[in-house]
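Undergrad: I am attaching a structure below and will ask some questions about it afterwards.
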Amino acid sequence: MSKSSILLIEREHHLPIHLAPDSSILLSSANTGWKSVLVEQQRLPPLETPVVSVSHYSINLQLKPLTKFEWQARGGFQSRSLFPGDFCLYVPDSFRKYRWHQEAEVLNIALSPAFFTQIAQEVANTDQIELLELFGGHDPQIEYLARAFLAELKTGASSGQLYAESMATALAVYLLQHYAASSIHIPSIHGKLVQSDLHRIIDYIHDHLDTDLSLSQLSEVVGMSPYHFARIFKQSVGVSPHQYIIQYRVEEAKRLLMTKTFPFREVAYRVGFGNQSHFNRHFKRLTGASPTLFLKNLHSEQEQEQSKREHEERRY
């Protein structure tokens, strides 16, 4: 367990505070290299907070039932029951007290105001953002995105910062579309990358395969915003940037395994996986076999082919 990286702002002295005790952090993205988004799985004890506000735009997805969640409103408290899959949406500079009387387990997803403003400017050409706070709602798309973050944390963030940045962008855009105080028009994106840009970005990916590529980094190569680049890339090649890179890393790993005698950890490093465990997971997911079994099957096929050739030579 580790210290929470998600801070609240206490109103009286306007100082940052940690709401979650150190012992309550079950999983955290703090050391994953993810930028612009913090994600924590928290198991919180019964608590009444001081008057606080979040420092980030925050989604709290309920992971276990909470009989009574209360928040300060109109001079008193309002309350409701929360069930797994329900969520609360918190916005910066909205100060109030909260309390609950039993252990609560949540997934806390925090998007930085700077990142959120950047996305709003990219997709809707505005930096005037006002989201509606919500204390207990259910939205299948938000639950899907939140649980995808949770699943990624459980694998040790095996897909890298590109996946996290793509998911954070998708969440920010969805919140702008569906939870803004006033209607925000987000134009549809059509078309494909011109061939010269497509070749440039593919060459860049191949040349930097051993690094933890980010969506922002890739989009700069062709002079697009990350949001527009991700969609245009998928329309051009049929898969997202993240999927393309994982697939290419596995194909390159297969080539190295077939032609070299590197240890698995060296192969993982050379094709850009964070560690051997991440490499094993994605390799098996895409090929149906672990690297060990892949090599065993390859050697078996080579031995059979060699035996077949020797048999043919003896016949003649």
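Undergrad: Looking at segment 221-246, which of the residues that are within 23 Å of residue 120 (Cβ to Cβ) and small (Gly, Ala, Ser) is surrounded by the fewest Cβ atoms within 10 Å (Cβ to Cβ)?
TA: By that ranking, first place goes to 223.
Undergrad: For the subset of segment 99-142 comprising residues that are more than 27 Å from residue 3 (Cβ to Cβ) and of a type in the set (D, E, K, R), which member is modelled with the lowest pLDDT?
TA: 127
Undergrad: Tell me whether segment 260-269 contains one or more residues that are touching a helix residue (DSSP H, G or I) at 6+ places or on another chain (Cβ under 9 Å), surrounded by fewer than 19 Cβ atoms within 10 Å (Cβ to Cβ), closer than 26 Å to residue 34 by Cβ and touching a residue at least 40 places away in the same chain (Cβ under 8 Å).
TA: yes
Undergrad: When you look at residue 115, is it in a helix (DSSP H, G or I), farther than 16 Å from residue 86 by Cβ, among the aromatic types (Phe, Trp, Tyr) and over 12 Å from the mean Cα position of the chain (by Cα), yes or no?
TA: Yes; evaluated as a whole, the condition is true for this residue.
Undergrad: I'd like to check something: does segment 113-125 contain any residue that is of a type in the set (Phe, Trp, Tyr) and open to solvent by 20 Å² or more (accessible area, probe 1.4 Å)?
TA: no
Undergrad: Something else: Could you tell me whether any residue of segment 91-106 is closer than 17 Å to residue 58 by Cα, open to solvent by less than 20 Å² (accessible area, probe 1.4 Å), among the polar types (S, T, N, Q) and not in a helix (DSSP H, G or I)?
TA: There is no residue in segment 91-106 that is closer than 17 Å to residue 58 by Cα, open to solvent by less than 20 Å² (accessible area, probe 1.4 Å), among the polar types (S, T, N, Q) and not in a helix (DSSP H, G or I).
Undergrad: Of the conditions (1) open to solvent by less than 50 Å² (accessible area, probe 1.4 Å); (2) assigned to a loop (DSSP other than H, G, I, E, B), residue 31 fails just one. Which one is it?
TA: (1)
Undergrad: Quick check on my filter: what residues within segment 76-90 are of a type outside the set (Phe, Trp, Tyr) and assigned to a loop (DSSP other than H, G, I, E, B)?
TA: Passing the criteria: 84, 85, 86.
Undergrad: Got at least one residue in segment 199-210 being in contact with a Gly (Cβ under 7 Å, 6 or more places away or on another chain) and either over 24 Å from residue 40 (Cα atoms) or touching a residue at least 12 places away in the same chain (Cβ under 8 Å) (or both)?
TA: yes
The values are calculated or read from the model by the stated rules, or taken from the named source; none is laboratory data. Worth saying up front: this structure is predicted, and the values here are computed from it rather than measured. No Cβ is skipped: glycine too gets one built from the backbone with ideal geometry, and neighbour counts run over all protein chains shown. All accessible areas refer to the heavy atoms of the entire protein, side chains included, with ligands and DNA or RNA removed. Shrake-Rupley method; radii C 1.70, N 1.55, O 1.52, S 1.80 Å.
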